[in-house]
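Below: one structure, written as structure tokens.
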Amino acid sequence: MKEDSIQRHSELVTLIAYHRQRYYQDAVPEISDAEYDELESELRDLEFAFPELITAQSPSQTVGGGVAETFSAVVHRVPMTSLDNAMDADELVAWGERVLKGLPSDSIVNFVCELKI
């Protein structure tokens, strides 16, 4: 394994943790959602190339961050599931197919997508 990949992985883990803190706990993000998504994508690519870098604490293995204390806990009537990013139409179609595979064939589904600018 290349030392520069190990170093970059460490940098990405630290950077993503920092930006999660700024976004989720502090409510003052410093980078755009697209820039954050690029960091996570780069991390996932590195971990795909070097699976030995994956740990239980890796941002690729955890969801979001803590919640700011100003928010109250909410129980959703229908659970939120399968949040993901799709960078083009092919990725969106593939995501939809993965979601549908996990449902009964007679399921009626509605998708909500938001364009990140």
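The values are calculated or read from the model by the stated rules, or taken from the named source; none is laboratory data. All values reported here derive from a predicted model rather than from experimental measurement. Here the Cβ is made from the backbone with ideal geometry for all residues, glycine too, and neighbour counts use every protein chain on show.
I'd like to check something: does the range 61-78 contain any residue that is assigned to a helix (DSSP H, G or I), modelled with pLDDT of 90 or more and of a type outside the set (Gly, Ala, Ser)? It would help to see each step written out before you state the result.
Kept after step one, since they are assigned to a helix (DSSP H, G or I), are these residues of the range 61-78: 61.
Keeping just the survivors that are modelled with pLDDT of 90 or more gives none.
No, every residue in the range 61-78 fails to be assigned to a helix (DSSP H, G or I), modelled with pLDDT of 90 or more and of a type outside the set (Gly, Ala, Ser).
Count, please, the residues in the range 9-49 that happen to be in contact with a Ser or Thr (Cβ under 9 Å, 6 or more places away or on another chain) and either at pLDDT below 90 or more than 23 Å from Met87 (Cα to Cα) (or both).
Of the residues in the range 9-49, 1 are in contact with a Ser or Thr (Cβ under 9 Å, 6 or more places away or on another chain) and either at pLDDT below 90 or more than 23 Å from Met87 (Cα to Cα) (or both).
Going residue by residue through the range 17-33, is there one that turns out to be part of a helix (DSSP H, G or I), touching a His at 6+ places or on another chain (Cβ under 6 Å), on the phi < 0 side of the Ramachandran plot and in contact (Cβ under 8 Å) with a residue 12 or more places away in the chain?
Taking the range 17-33 first, the residues part of a helix (DSSP H, G or I) are 17-25, 33.
Then drop every residue that is not touching a His at 6+ places or on another chain (Cβ under 6 Å), which leaves none.
No, the range 17-33 contains no residue that is part of a helix (DSSP H, G or I), touching a His at 6+ places or on another chain (Cβ under 6 Å), on the phi < 0 side of the Ramachandran plot and in contact (Cβ under 8 Å) with a residue 12 or more places away in the chain.
Of the residues Glu30, Glu35, which is among the acidic types (Asp, Glu), in contact with a helix residue (DSSP H, G or I) (Cβ under 8 Å, 6 or more places away or on another chain) and surrounded by 10 or more Cβ atoms within 10 Å (Cβ to Cβ)?
That would be Glu30, the only listed residue that is among the acidic types (Asp, Glu), in contact with a helix residue (DSSP H, G or I) (Cβ under 8 Å, 6 or more places away or on another chain) and surrounded by 10 or more Cβ atoms within 10 Å (Cβ to Cβ).
Pull up the range 39-54, narrow it to residues that are among the acidic types (Asp, Glu) and surrounded by fewer than 13 Cβ atoms within 10 Å (Cβ to Cβ), then point me to the one that is nearest to Lys116 (Cα to Cα).
Applying the filter and picking the extreme gives Asp45.
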